[in-house]
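Worksheet: one structure, shown below.
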Amino acid sequence: MAISVPFASISLFTPTIISGLGYEGLNAQLFTVPPYAISFVVTLLLAWQTDKHNIRAWGSVFALAAAGASFLAQGALPPDAFTARYGLLCVSVTFAFACVAPILSWLTGNLRNTGASTLAVPLNVSIGQFGQIIGVNIYKTSEAPGYPTGHFTNAAFLIGSAIVVLILRGVYVHRNRQLVGQDGALRWKL
């Protein structure tokens, strides 16, 4: 749920940042492309590397922390710092989306059978919808153009998610240590 909050909210404050740069119409639309193009490439690279090296938790923590830190920085900026906000928007979008692939592959990799996957993935996505309800309501028009509540809320959800991933990784490491003595195989993917 927590990583769904930025997905829903990013599209709400992006037009304000771009219009603050002085662009309108088609030029403003063109400025929305780079953050998503960068995110596409980084998401593929992060998913590939975390899967290749079996470090899905660390990849997720890195992406969540980077996105959270960029939202914190955006919230701390003066309301009229549109150029800096656009640069941080690129970082926010990139890592808010890039964290999804390692988290979902980590979820499915730690399920024991296809029946569990059939239930867990849709359940995960369904619960995530509540995060989108929050996300569309955190950027208040009365706080434009700085939107501190929206940025700090996104940061809190992302950093909180990074902490939860670290805790869950610790639980999996502990369980693996208990199980290794039985047959030598690691049960929980990290």
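Yes/no matrix, rows are residues, columns are (1) touching a residue at least 12 places away in the same chain (Cβ under 8 Å); (2) aliphatic (A, V, I, L, M); (3) crowded, with 20+ Cβ neighbours inside 10 Å; (4) in contact with a strand residue (DSSP E or B) (Cβ under 6 Å, 6 or more places away or on another chain):
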position	(1), (2), (3), (4)
A37	no, yes, no, no
P79	yes, no, no, no
G115	no, no, no, no
S126	no, no, no, no
Worksheet item: Looking at the range 54-65, is at least one residue in contact with a helix residue (DSSP H, G or I) (Cβ under 8 Å, 6 or more places away or on another chain), more than 22 Å from G160 (Cα to Cα) and either touching a residue at least 12 places away in the same chain (Cβ under 8 Å) or surrounded by fewer than 19 Cβ atoms within 10 Å (Cβ to Cβ) (or both)?
Response: no
Worksheet item: Is it the case that some residue within the range 136-147 is in a helix (DSSP H, G or I) and touching a residue at least 12 places away in the same chain (Cβ under 8 Å)?
Response: no
Discussion item. Going by what's in this entry, would I38 be described as touching a Ser or Thr at 6+ places or on another chain (Cβ under 9 Å) and closer than 30 Å to I167 by Cβ?
Written reply: yes
Discussion item. Given (1) in contact (Cβ under 8 Å) with a residue 60 or more places away in the chain; (2) closer than 20 Å to I167 by Cα, identify the lone condition not met by V93.
Written reply: (2)
Response to the item:
Counting only helices (runs of 4 or more DSSP H) entirely within the range 1-64, those with at least 3 residues that are in contact with a Leu (Cβ under 8 Å, 6 or more places away or on another chain) are 4-20
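Readers should treat all values here as calculations from the given coordinates under stated rules, not as data from a laboratory. All values reported here derive from a predicted model rather than from experimental measurement. Here Cβ is always computed from backbone atoms with ideal geometry, including for glycine, and neighbour counts include all displayed protein chains.
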